[in-house]
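Chemist: What follows is a structure written as structure tokens; I'll ask about it next.
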Amino acid sequence: RDSLKYREIYGLKDIPSMYRGTIRRPGFAKAWDVFVKLGATDDTYRMEDSENMTYRDFINSFMQYEPNVPVEIKLQEYCQKASDPVVLEKLKWLGIFDKRKIGLKNATPAQILQKLLEEKWAMDPDDKDLLIMQHEFKYRLGNENKMIVSAMAVTGENRDKTAMARTVGLPLGIATKLLATGKIKKTGIHRPIDKDMYEPILKELESFGVSFEEKEYMIDQS
């Protein structure tokens, strides 16, 4: 995602650098790049007879027709990243080479991939997700180099009451309540970047265990 567009929105247009990253397991980004290069993330057209295709057929459909060459070999030749043993193992685990029917009618490539991911990434009833967010601000004040670290960690309760659901749903629910009770006066569509909006929301989120912890550090200048 392009985070540079947020520089001006959050009053950071004069900072020299801005970086956004997402923590993933080793090989995730490369494996996802394989799907992007194939066209498996395309959501602009529907695949004919998709319900009767197997996942193996699905992957094979993006490459040249060579009936005597295994799909696994063709994929590694078509996309170099797929030849990485870590990436290939992830693709095999996901089931893209399985001869199992997709069972999704008139589906786009993206919908087929989404169905497979949702099946494989499904949580067990007692599983708990963990959401971590951290912001780091490095700056110079006078003759001192400093850094502020603002971090949040939220753990879900189970498959139905996830940390993701809480952190996404609660701010909207609290904002709706504040609007209904007249504590937010604005009308129309607004980003939550005004203090009269985000301060009461953040304060109430603390009661649900959703909050950031801030620490300031001196940066060694040696």
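The values are calculated or read from the model by the stated rules, or taken from the named source; none is laboratory data. Remember, it's a predicted structure, so these values are computed and weren't measured experimentally. In this analysis, Cβ positions are derived from the backbone assuming ideal geometry, glycine residues included, and neighbour counts consider all displayed protein chains.
Chemist: Being within 18 Å of the chain's Cα centre (by Cα), of a type outside the set (A, V, I, L, M) and not assigned by TED's automatic domain parsing to the domain that holds T41 is true for just one of Q111, Q134. Which residue is that?
Modeler: Of the residues listed, the single one that is within 18 Å of the chain's Cα centre (by Cα), of a type outside the set (A, V, I, L, M) and not assigned by TED's automatic domain parsing to the domain that holds T41 is Q134.
Chemist: Something else now. Does the stretch 31-39 contain any residue that is in a loop (DSSP other than H, G, I, E, B) and of a type in the set (A, V, I, L, M, F, W, C)?
Modeler: Step one: filter the stretch 31-39 for residues in a loop (DSSP other than H, G, I, E, B), giving 39.
Applying the additional criterion that residues be of a type in the set (A, V, I, L, M, F, W, C) yields none.
The answer is no; no qualifying residue exists.
Chemist: While we're looking at this one, here's another question. How many of the residues making up the stretch 18-45 are within 13 Å of the chain's Cα centre (by Cα) and closer than 17 Å to K115 by Cα?
Modeler: 1
Chemist: I'm trying to understand the selection: among the residues of the stretch 1-30, which are without any contact (Cβ under 8 Å) to a residue 40 or more places away in the chain, of a type in the set (S, T, Y) and in a loop (DSSP other than H, G, I, E, B)?
Modeler: Within the stretch 1-30, S3, S17, Y19, T22 meet the criteria.
Chemist: Could you tell me whether the stretch 185-200 includes any residue that is in a strand (DSSP E or B), surrounded by 14 or more Cβ atoms within 10 Å (Cβ to Cβ), in contact with a Lys or Arg (Cβ under 8 Å, 6 or more places away or on another chain) and on the phi < 0 side of the Ramachandran plot?
Modeler: no
Chemist: Identify, from the list K101, K105, the residue that is among the basic types (K, R), in the same structural domain as T44 (by TED's automatic domain parsing) and over 12 Å from F58 (Cβ atoms). Step through it out loud before you land on a result.
Modeler: Working: K101 fails: over 12 Å from F58 (Cβ atoms).
On inspection, the qualifying residue turns out to be K105.
Chemist: Assess whether V71 counts as being touching a residue at least 24 places away in the same chain (Cβ under 8 Å) and of a type in the set (A, V, I, L, M, F, W, C).
Modeler: Yes; evaluated as a whole, the condition is true for this residue.
Chemist: Being surrounded by 11 or more Cβ atoms within 10 Å (Cβ to Cβ) and among the polar types (S, T, N, Q) is the filter here; which residues of the stretch 201-222 pass it?
Modeler: Residue satisfying the conditions is S211 alone.
Chemist: Determine whether I148 is modelled with pLDDT of 95 or more, within 18 Å of I15 (Cα to Cα) and either assigned by TED's automatic domain parsing to the domain that holds F208 or in contact with a strand residue (DSSP E or B) (Cβ under 7 Å, 6 or more places away or on another chain) (or both).
Modeler: In short, yes.
Chemist: Report, ordered by the first and then the second residue, all pairs with beta carbons closer than 9 Å, sequence separation of six or more or different chains, a first member in the stretch 190-202 that is within 11 Å of A175 (Cα to Cα), and a second member that is aromatic (F, W, Y).
Modeler: P192/Y198; L202/F212
Chemist: The conditions are (1) closer than 30 Å to R140 by Cβ; (2) buried (at least 17 other Cβ atoms within 10 Å of the Cβ); (3) not hydrophobic (A, V, I, L, M, F, W, C), and S50 fails exactly one of them. Which is it?
Modeler: If we test S50 against (1) closer than 30 Å to R140 by Cβ; (2) buried (at least 17 other Cβ atoms within 10 Å of the Cβ); (3) not hydrophobic (A, V, I, L, M, F, W, C), just (1) comes out false.
Chemist: Among I59, I73, which is the only one that is assigned to a helix (DSSP H, G or I), aliphatic (A, V, I, L, M) and within 18 Å of Q114 (Cβ to Cβ)?
Modeler: I59
Chemist: Residues L141, L172: which one is closer than 30 Å to K128 by Cα and free of Cβ contacts under 8 Å to residues at least 24 places away in the same chain?
Modeler: Numbers: L141 fails: closer than 30 Å to K128 by Cα.
When all the criteria are applied, what remains is L172.
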